[in-house]
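Chemist: Quick one: the structure is below, and I'll ask about it shortly.
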Amino acid sequence: MINEAYERLASDRQLILRKLTLSGNEFDKKTIEEVKNNWKEFTPSSRNRKKFAAIDGGEFHKELRVGMVYVVDAEILITLGEKVLEKEGDVRAGVFRPGNKAKERVGELMALLEAKLALNHGNKADWILMDGSIKKKVGEIREIDPPFEVRDDTLQSLDQSDEDLMLNFMVYEKQVLLSRLLERYGERTVWISKVSRGRELFKEEVSDAVLLETMTRSPGFSTVWCRKLTPTYLGIGDQREKLGESKVCSFYTRLEKGERVLRVDVTREVDEQWVKDLMNDLSSVSIRGYPYPLVQVHYDVKVSTVDRKRIMDILGLRNRRGVNWWPSQFS
C-alpha cells in the first residue's frame, strides 16, 4: 500500500507544492486591499530596558506495554536586556500506568508547571511572557466533583490513582492557577504565538498570520479584536471565576522588517498606544523579530533528539518492547 502512496505523491506533486507556496497573486484585489489596510506600519524603538519573565516547558514521553514513561520540565527566566538575572525551574518524571490518556496528562502537567512558575515569580518582572495562546492553554471549562482547594505550592492532581479523574483534576488545577495569574498579573502578562493558524480577521482559507506575512514586509501591527476568554459562566466562589470574567484581546505584530508575524493575546482592553509601547519594549530584546527571553527559555527546556536518546539509555528503555513493536521478520 505504501507504494501506491508514493505513486499518488508523485502524480499530485505539483498540486501539493502549489498549495504550500503562497503568493499575493492567489487572492482577489479586495482581499489584498483588506489585508494591507488592516496593517498599521510602526517601527519600534526603545532605550528603556524592562525586566521580562519568560516561561516555557518541554516534555518527553515513551509508550511501553506496561504504561507511559514521562519527563516534564518547565523554566522561568528573569532577564534584563540579554542578561539573565534569575532562573527557576521544575522537573517531574514518572510512569503513568496503564497509560490511558497519558499524552494528554503529560501536556497538562507541563502547563501546570508553567502556570506555577509564572504565579510564584511574576512579581519580579515588568512583563510576563508566556508561549502560545491563552485560550488553548485554558481549554474547556468543566465541572469538577468534588471541587478541591488548589494550593500554589504543590500539585494535588498527581495524587489521584484513577486516570480519568487525574486528568480532570489536572485541567481544573491548571485553570485555577491561570485564574490566579490573571487576577494578580493579568495587566502585564502577554501570550505570544510564533505559529498561529487563526482566521478571525480575514476569514480566508489560510491563516491571518500567513496573509500578513505574504502581503506586508514592514514592522507594525494589525487591528485589535476582543472576545470572551471562555463562554462558560463561572459562579461566585468558583476558584476559576476570573476566567469567566475576562476578555482576551488579540492582535498581530512584526517587530523587525521582513521577519515573522507574531500573534499576541492579552487579557485587558488595549489601544494603539498600548500596542506601540509593548512593541517598543519587546523590540529592545528582539532577535530576528522574536523576543530573546522566549528564545532562551525555549532552548533551555527543549528535549532534543540527543536528550531523548540519553533518557532512554539512563532508564534502559532501548531494549524494552514498546507499543509499536513488530515481529523482526516485518522490520
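The values are calculated or read from the model by the stated rules, or taken from the named source; none is laboratory data. Here the structure is a predicted model, which means the values were calculated and not measured. Please note: Cβ atoms are built from the backbone with ideal geometry, for glycine as well, and neighbour counts cover all protein chains shown.
Chemist: Being surrounded by 14 or more Cβ atoms within 10 Å (Cβ to Cβ), charged (D, E, K, R) and on the phi > 0 side of the Ramachandran plot is true for just one of Lys101, Lys40, Lys62, Lys50. Which residue is that?
Modeler: Details: Lys40 fails: on the phi > 0 side of the Ramachandran plot; Lys62 fails: on the phi > 0 side of the Ramachandran plot; Lys50 fails: on the phi > 0 side of the Ramachandran plot.
Answer to the check: Lys101.
Chemist: What are the residues in the stretch 142-154 that are in contact (Cβ under 8 Å) with a residue 60 or more places away in the chain and either surrounded by fewer than 19 Cβ atoms within 10 Å (Cβ to Cβ) or closer than 18 Å to Ala102 by Cα (or both), if any?
Modeler: Once the filter is applied, which keeps residues that are in contact (Cβ under 8 Å) with a residue 60 or more places away in the chain and either surrounded by fewer than 19 Cβ atoms within 10 Å (Cβ to Cβ) or closer than 18 Å to Ala102 by Cα (or both), the stretch 142-154 yields Pro147, Glu149.
To keep it simple, each residue is scored yes or no on (1) within 15 Å of the chain's Cα centre (by Cα); (2) within 19 Å of Ile192 (Cβ to Cβ); (3) surrounded by 13 or more Cβ atoms within 10 Å (Cβ to Cβ).
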{"residue": "Ala115", "(1), (2), (3)": "yes, yes, yes"}
{"residue": "Asp126", "(1), (2), (3)": "no, yes, yes"}
{"residue": "Asp131", "(1), (2), (3)": "yes, yes, yes"}
{"residue": "Glu140", "(1), (2), (3)": "no, no, no"}
{"residue": "Ser157", "(1), (2), (3)": "no, no, yes"}
{"residue": "Leu165", "(1), (2), (3)": "no, no, yes"}
{"residue": "Met170", "(1), (2), (3)": "no, no, yes"}
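Chemist: Filtering the stretch 199-227 down to residues that are crowded, with 17+ Cβ neighbours inside 10 Å and among the small types (Gly, Ala, Ser), which residue is nearest to Lys19 (Cα to Cα)?
Modeler: Of everything passing the filter in the stretch 199-227, Ser207 is nearest to Lys19 (Cα to Cα).
Chemist: Looking at (1) of a type in the set (Val, Ile, Thr); (2) out of contact with any Lys or Arg (no Cβ under 7 Å at 6 or more places or on another chain); (3) modelled with pLDDT of 95 or more; (4) buried (at least 16 other Cβ atoms within 10 Å of the Cβ), which is the only condition Thr230 fails?
Modeler: Against the list (1) of a type in the set (Val, Ile, Thr); (2) out of contact with any Lys or Arg (no Cβ under 7 Å at 6 or more places or on another chain); (3) modelled with pLDDT of 95 or more; (4) buried (at least 16 other Cβ atoms within 10 Å of the Cβ), Thr230 comes up short only on (3).
Chemist: I need the full set of residues from the stretch 139-169 which are out of contact with any strand residue (DSSP E or B) (no Cβ under 9 Å at 6 or more places or on another chain) and not in a loop (DSSP other than H, G, I, E, B), in order please.
Modeler: Ser157, Asp159, Asp164, Leu165, Leu167, Asn168, Phe169
Chemist: Here is a further query. Quickly run through the stretch 268-318 and pick out the residues that are among the hydroxyl-bearing types (Ser, Thr, Tyr), under 30 Å from Ala93 (Cβ atoms) and in a helix (DSSP H, G or I).
Modeler: Correct list: Tyr292, Tyr299, Thr305.
Chemist: Here is a check on your reading of the model: is Tyr292 crowded, with 17+ Cβ neighbours inside 10 Å, aromatic (Phe, Trp, Tyr) and under 18 Å from the mean Cα position of the chain (by Cα)?
Modeler: yes
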